[in-house]
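Input: a single structure, listed below in structure tokens.
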Amino acid sequence: MDEEQQRPDPGRPGPLAGFTVGVTAARRAEELGALLQRRGAAVLHAPALRIVPLADDGELLAATKEIIDQAPDVAVATTAIGFRGWIEAADGWGFGEQLLDRLRHVELLARGPKVKGAVRAAGLTEQWSPSSESMAEVLDRLLEEGVEGRRIAVQLHGEPLPGFVESLRAAGAEVLPVPVYRWMPPEDLGPVDRLLDAVVSRSVDAVTFTSAPAAASLLSRAGKRGLHDDLLAALHHDVVPACVGPVTALPLQALGVDTIQPERFRLGPLVQLLCQELPSRARALPVAGHRVEIRGHAVLVDGALRPVPPAGMSLLRALSRRPGWVVARAELLRALPGAGRDEHAVETAMARLRTALGAPKLIQTVVKRGYRLALDPAADAKYADV
């Protein structure tokens, strides 16, 4: 299905309408945010990393000089943007032609078709590329060839390559990492802190990760703020951690956090997966002749999107936990954030909730007792024992 076919009908709320999604990406964040917003999501952007400018990267410069001074036997190109960036940086330092000349005379392996394109655009030719686009297949080929005593340059791109370098060294290879686009914590931690607060308070419905370092960085910042356990609790139960692929998910899975991942490790499939996952978690109830679907910060009433203030959402969730049952004002007061002890706050928030829903009869007032969702009679039996 192409991009045009995936777009929702502009006359209806998108599949992510009413949900808030956190975006931790630094690179391609605007593209991911646009894909999410096009499907109706509210986006909270908090880059968990910053990319070290190539021209200022002393480690990359040192690795480039080392390759020029002593050519490797094998070079592994892992990402298209990383390989292009490396060549462009070498050009800027005045070493571009020397680097290309070295790479013309080594066994050059490209991880996938995009990398092959970047290699050929630089005037080089790869000796081999795996059909699976998998670094595991690259490793298998190298180990089958035998690497003892061989010098192997591996272009890195911020992503960890679990076991890759270690396996080559264990088999006797000399491995030279080429650190392209190294990532560091952001200079401005404000957006990251706001995202952490939103996750812990369940104000977001999902957080997307497009790199393992971004996941590790968010976990690290949570630890420094004393929110590590709170963050994990939210990701375990209420906030969906969505990763672009299995390597990205490693820092979370190491802590026992289950993630969702698309079958194809791309941004489009990641967004499509969220379009399925988040609506499937929303509570849908037949109330007073209407279909009410409770989402993150809004409600669908008969398919129409109704934004609801945070206090109103707190009340609605409290009512929906026991649909059709009377919930006392005192209990609803406890559900209101920062409401204090005055039950009048419940009445005020309830009036605003009814106005936001556009159908006042969805919630009934039970005199001297509290409030209840006006569950349709046919559904009463279904929820009687909830």
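Set side by side, the residues GLU166, GLU145 differ, and just one is among the acidic types (Asp, Glu), farther than 24 Å from GLY58 by Cα and free of Cβ contacts under 8 Å to residues at least 12 places away in the same chain, which is GLU145.
Identification of strands (runs of 3 or more DSSP E) wholly contained in the range 296-368 with 1 or more residues that are open to solvent by less than 10 Å² (accessible area, probe 1.4 Å), of a type outside the set (Asp, Glu) and touching a strand residue (DSSP E or B) at 6+ places or on another chain (Cβ under 7 Å) yields 298-301, 363-366.
Could you tell me which residue of the range 10-50 is modelled with the lowest pLDDT, considering only residues that are more than 16 Å from PRO191 (Cβ to Cβ), open to solvent by 50 Å² or more (accessible area, probe 1.4 Å) and not in a loop (DSSP other than H, G, I, E, B)? Going through the qualifying residues, I end up with GLU31. Residues in the range 199-219 that are of a type in the set (Gly, Ala, Ser) and surrounded by 15 or more Cβ atoms within 10 Å (Cβ to Cβ) were compared, and the one that is nearest to ALA311 (Cα to Cα) is SER203. Report, by residue number, each residue of the range 219-274 that is among the small types (Gly, Ala, Ser) and either in contact (Cβ under 8 Å) with a residue 12 or more places away in the chain or not in a loop (DSSP other than H, G, I, E, B) (or both). Residues satisfying the conditions are SER220, ALA222, GLY223, ALA233, ALA234, ALA242, GLY245, ALA249, GLY256, GLY268.
Could you go through the range 233-244 and let me know if any residue there is open to solvent by 10 Å² or more (accessible area, probe 1.4 Å), out of contact with any Phe, Trp or Tyr (no Cβ under 6 Å at 6 or more places or on another chain) and under 21 Å from ALA136 (Cα atoms). No, there is no match, as no residue in the range 233-244 is open to solvent by 10 Å² or more (accessible area, probe 1.4 Å), out of contact with any Phe, Trp or Tyr (no Cβ under 6 Å at 6 or more places or on another chain) and under 21 Å from ALA136 (Cα atoms).
Screening VAL180 with (1) under 30 Å from ALA62 (Cα atoms); (2) touching a His at 6+ places or on another chain (Cβ under 8 Å); (3) open to solvent by 30 Å² or more (accessible area, probe 1.4 Å) gives one miss only, at (3).
Would you check if there is a residue in the range 167-177 being more than 22 Å from THR259 (Cβ to Cβ), open to solvent by less than 30 Å² (accessible area, probe 1.4 Å), not in a strand (DSSP E or B) and not aromatic (Phe, Trp, Tyr)?
Scanning the range 167-177 turns up at least one residue that is more than 22 Å from THR259 (Cβ to Cβ), open to solvent by less than 30 Å² (accessible area, probe 1.4 Å), not in a strand (DSSP E or B) and not aromatic (Phe, Trp, Tyr).
Looking only at residues of the range 111-121 that are open to solvent by 10 Å² or more (accessible area, probe 1.4 Å) and in a helix (DSSP H, G or I), we find that the one that is nearest to ILE152 (Cα to Cα) is LYS116.
Can you tell which of LEU61, LEU124, LEU139, LEU108 is in contact (Cβ under 8 Å) with a residue 24 or more places away in the chain, in a strand (DSSP E or B), surrounded by 15 or more Cβ atoms within 10 Å (Cβ to Cβ) and out of contact with any His (no Cβ under 6 Å at 6 or more places or on another chain)?
Answer to the selection: LEU108.
Scan the range 153-171 and give yes if some residue there is among the hydroxyl-bearing types (Ser, Thr, Tyr) and in contact with a strand residue (DSSP E or B) (Cβ under 7 Å, 6 or more places away or on another chain), otherwise no. Within the range 153-171, none of the residues are among the hydroxyl-bearing types (Ser, Thr, Tyr) and in contact with a strand residue (DSSP E or B) (Cβ under 7 Å, 6 or more places away or on another chain). For ALA216, the test of being in contact with a Pro (Cβ under 6 Å, 6 or more places away or on another chain) and free of Cβ contacts under 8 Å to residues at least 40 places away in the same chain is passed. The condition of being surrounded by 19 or more Cβ atoms within 10 Å (Cβ to Cβ) and under 30 Å from GLY112 (Cβ atoms) holds for LEU270. Scanning the range 64-88 for residues that are open to solvent by less than 30 Å² (accessible area, probe 1.4 Å), among the aliphatic types (A, V, I, L, M) and under 25 Å from THR248 (Cβ atoms), we see that the one that is modelled with the lowest pLDDT is ALA80. The criterion of being open to solvent by less than 20 Å² (accessible area, probe 1.4 Å), in a helix (DSSP H, G or I) and closer than 26 Å to ALA282 by Cα holds for LEU196.
The values are calculated or read from the model by the stated rules, or taken from the named source; none is laboratory data. This is a predicted model, so every value here is computed, not measured. We place every Cβ from the backbone using ideal geometry, glycine too, and count neighbours over all the protein chains shown. We work out accessible area using only protein heavy atoms, side chains counted, and drop any ligands, DNA or RNA first. Shrake-Rupley method; radii C 1.70, N 1.55, O 1.52, S 1.80 Å.
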